[in-house]
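*Asks:* The structure follows.
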Amino acid sequence: MQTVKMVITGPFSAGKTEFIRSVSEIDVVSTERKISSASEKLVKEATTVAMDFGRITVDDDLVLYLFGTPGQRRFDFMWEILSEGMLGFIVMVDSTRPETFREARSILEIFHAYAPTPYLVAANKQDIKDAWDIEDMRHVLRLDTKVKLISCVATDRDSVKAVLLELLYSILSEMENGEK
Amino acid sequence: MALRGNLRDFTISQLLNLINLANKTGTLVVEGPSETAKVAFRDGKLSYAQMGQEDSSLASVLHKAKKLSSGQYKSIQQHAAHISDKELGLLLINAGYLSQDDILTDLQQHFTDIIQRLFTWVEGFFHFDNDSLPPDDRISVRLDLENLIIEGSRQMREWEQLQDEIPSLDMALKFTDRPGTNLRNINLSVEEWRVVSYVNPRNTIRQIASATKMNDLEIRRIVYGLLQAGLVETSRFGGATTMAPKVRVFPSEDKGEQRSLINRLITRIRSL
């Protein structure tokens with residue numbers, strides 16, 4: 001059985017767990033712990049401490065694992081471990097919380113430094129009224145025009161599929177460019 | 001869609017950069033601790049600015065710039081309060097008292113001063129109103145934002161914020177591909193030009209700092225300013241040994257099999 005993996009990363013409460021949950025054939029394996037920080041409690045009730053883990057069986061011979069990184073910086077020692085051997089990664093950003101954009105930018109740079117793999121940025125919660133416009137987010141996140149910035153609703157399976165497919169297209173494209 | 005937030009999370013430099021790059025038209029409203037600033041833009045260029053309830057009339061601006069005496073200013077206020085700035089400007093030009101350039105220069109300086117004051121604000125809600133334009137009776141200007149952004153970045157002092165923006169000095173820099181931006185039209189300090197002369201994907205920021213004898217704070221401040229103005233962007237260091245994954249990405253080394261694997265993934269995801 002062959003296995004490949006993708007990593008879903010991003011700031012705290014950007015929607016990583018929901019993203020994986022939307023497409024995983026297994027219940028997302030998370031280690032829930034009580035939030036220790038009062039400010040984190042204000043944002044959501046439960047958070048993952050270790051990592052999220054989801055699975056998509058492709059066929060008898062191939063499985064795709066989706067790993068979600070813990071969002072809090074105090075667990076960033078896990079990022080390097082999780083990034084080893086990944087096909088590519090997705091940086092989730094909560095479009096309604098501009099105070100997290102700087103953190104998202106920082107995470108993107110760190111992961112990009114870990115491994116030169118294709119990646120894209122998913123602007124989550126685009127269905128919410130207060131969501132920032134995609135192109136404004138591109139400027140604030142200082143994303144090159146070549147970097148894909150995709151609108152996303154992590155609780156919507158079709159939306160999540162579209163994001164995963166865009167990453168796969170990027171991986172394919174890079175492979176083809178590498179062969180030229 | 002909602003371009004709004006708090007200055008705690010975005011500096012004025014970052015907002016100006018966004019407005020510049022996105023060629024926005026509209027008014028940025030910033031609610032400070034004791035007053036509200038309104039800054040209007042047209043196609044990404046500064047058009048007009050108003051700070052709180054301060055008098056931003058042309059007469060007031062010219063008086064502050066010492067182009068009108070106190071007596072002249074008072075007289076205009078008393079006898080010509082009903083005429084618009086545009087009419088007053090034309091009267092002064094036709095009377096040979098001031099040139100159009102004089103008036104525009106003083107207005108630009110006045111609006112620039114307001115932006116400079118905004119750079120000191122670290123807290124306050126802001127929102128961008130796409131539908132709001134400067135009052136019709138006021139004179140608009142057309143001021144490029146790049147220099148203002150660089151100047152604002154020069155004022156940034158918080159070491160932690162700089163570290164956040166540029167977490168690693170082991171990245172390289174390269175010039176952005178922005179048509180219409182000519183480095184020769186940008187006013188940079190000697191130190192900034194020195195850094196610009198080293199911008200090359202083969203040089204890390206750390207190496208540039210060493211060559212220009214700058215410390216971590218100094219180089220971060222300068223690079224931040226150049227990043228915010230959209231003149232440069234970070235890139236992976238061309239000569240660096242990027243950390244090879246200890247675990248293989250693909251089960252097979254064969255390129256054909258790798259491509260096939262990706263295509264199988266695509267087919268499967270589509271079928272979900």
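*Asks:* Filtering the range A:142-162 down to residues that are in contact (Cβ under 8 Å) with a residue 40 or more places away in the chain and facing another protein chain (nearest Cβ under 10 Å), which residue is surrounded by the fewest Cβ atoms within 10 Å (Cβ to Cβ)?
*Replies:* Applying the filter and picking the extreme gives A:R157.
*Asks:* Ok, one more. Is it the case that B:S56 is away from chain A (no Cβ under 14 Å), of a type in the set (S, T, N, Q), in a loop (DSSP other than H, G, I, E, B) and touching a residue at least 60 places away in the same chain (Cβ under 8 Å)?
*Replies:* yes
*Asks:* Restricting attention to the range B:36-68, and to residues there that are buried (at least 20 other Cβ atoms within 10 Å of the Cβ) and small (G, A, S), which single residue is farthest from B:S132 (Cα to Cα)?
*Replies:* B:A59
*Asks:* Right, something else. What is the number of the single condition among (1) under 27 Å from A:G178 (Cα atoms); (2) touching a Ser or Thr at 6+ places or on another chain (Cβ under 8 Å) that A:I81 does not meet?
*Replies:* (2) is the only condition that A:I81 fails.
*Asks:* Evaluate the following for B:L265: is it within 12 Å of another protein chain (Cβ to nearest Cβ), modelled with pLDDT of 90 or more, surrounded by fewer than 18 Cβ atoms within 10 Å (Cβ to Cβ) and in contact with a helix residue (DSSP H, G or I) (Cβ under 6 Å, 6 or more places away or on another chain)?
*Replies:* So B:L265 does not fit the description; no.
*Asks:* Can you tell me which of (1) at negative phi; (2) assigned to a loop (DSSP other than H, G, I, E, B) is the one B:Q108 doesn't meet?
*Replies:* That leaves (2) as the condition not met.
*Asks:* Go through (1) free of Cβ contacts under 8 Å to residues at least 60 places away in the same chain; (2) of a type in the set (S, T, N, Q); (3) crowded, with 21+ Cβ neighbours inside 10 Å for A:T69 and report which single condition fails.
*Replies:* Condition (1) is where A:T69 drops out.
*Asks:* Assuming B:N6 fulfils every condition listed in (1) facing chain A (nearest Cβ under 10 Å); (2) at pLDDT 90 or above; (3) crowded, with 19+ Cβ neighbours inside 10 Å apart from one, which condition is it?
*Replies:* (3)
*Asks:* Name the residue, out of A:I35, A:I56, that is modelled with pLDDT under 85 and of a type outside the set (D, E).
*Replies:* A:I35 is the lone residue from the list that is modelled with pLDDT under 85 and of a type outside the set (D, E).
*Asks:* I need the full set of residues from the range B:50-64 which are among the polar types (S, T, N, Q) and touching a strand residue (DSSP E or B) at 6+ places or on another chain (Cβ under 8 Å), in order please.
*Replies:* Hits for the range B:50-64 are B:Q50, B:S56.
*Asks:* With of a type in the set (D, E, K, R), at the interface with chain B (Cβ under 7 Å from one of its Cβ atoms) and on the phi < 0 side of the Ramachandran plot as the only criterion, which of A:E176, A:E135 stands out?
*Replies:* Within the list A:E176, A:E135, the selection yields A:E135.
*Asks:* Same structure, new question: Under 7 Å by Cβ, and 6 or more places apart or on different chains, what pairs join a residue from the range B:70-96 that is more than 16 Å from B:S60 (Cβ to Cβ) with one that is of a type in the set (V, I, T) and loosely packed, with under 14 Cβ neighbours inside 10 Å?
*Replies:* Note: no pairs meet the criteria.
*Asks:* Condition test on B:D43, is it acidic (D, E) and either closer than 26 Å to B:L162 by Cα or under 16 Å from the mean Cα position of the chain (by Cα) (or both)?
*Replies:* When the stated conditions are applied, B:D43 passes them.
*Asks:* Might you let me know whether the range B:175-193 holds any residue that is touching a strand residue (DSSP E or B) at 6+ places or on another chain (Cβ under 7 Å), assigned by TED's automatic domain parsing to the domain that holds B:L231, modelled with pLDDT under 85 and on the phi < 0 side of the Ramachandran plot?
*Replies:* Checked the range B:175-193: at least one residue is touching a strand residue (DSSP E or B) at 6+ places or on another chain (Cβ under 7 Å), assigned by TED's automatic domain parsing to the domain that holds B:L231, modelled with pLDDT under 85 and on the phi < 0 side of the Ramachandran plot.
*Asks:* Continuing with this model, one more query. Considering only residues that are within 14 Å of the chain's Cα centre (by Cα), outside any helix (DSSP H, G or I) and at pLDDT 80 or above, which ones fall in the range B:143-174?
*Replies:* B:L143, B:D144, B:L145
*Asks:* Within the range B:204-229, how many residues turn out to be in a loop (DSSP other than H, G, I, E, B) and surrounded by fewer than 19 Cβ atoms within 10 Å (Cβ to Cβ)?
*Replies:* Residues that pass the stated criteria total 3.
The values are calculated or read from the model by the stated rules, or taken from the named source; none is laboratory data. Owing to the predicted nature of the structure, the values given are computational and were not obtained by experimental measurement. So basically every Cβ, Gly included, is an ideal-geometry build from the backbone, and we count neighbours across all protein chains shown.
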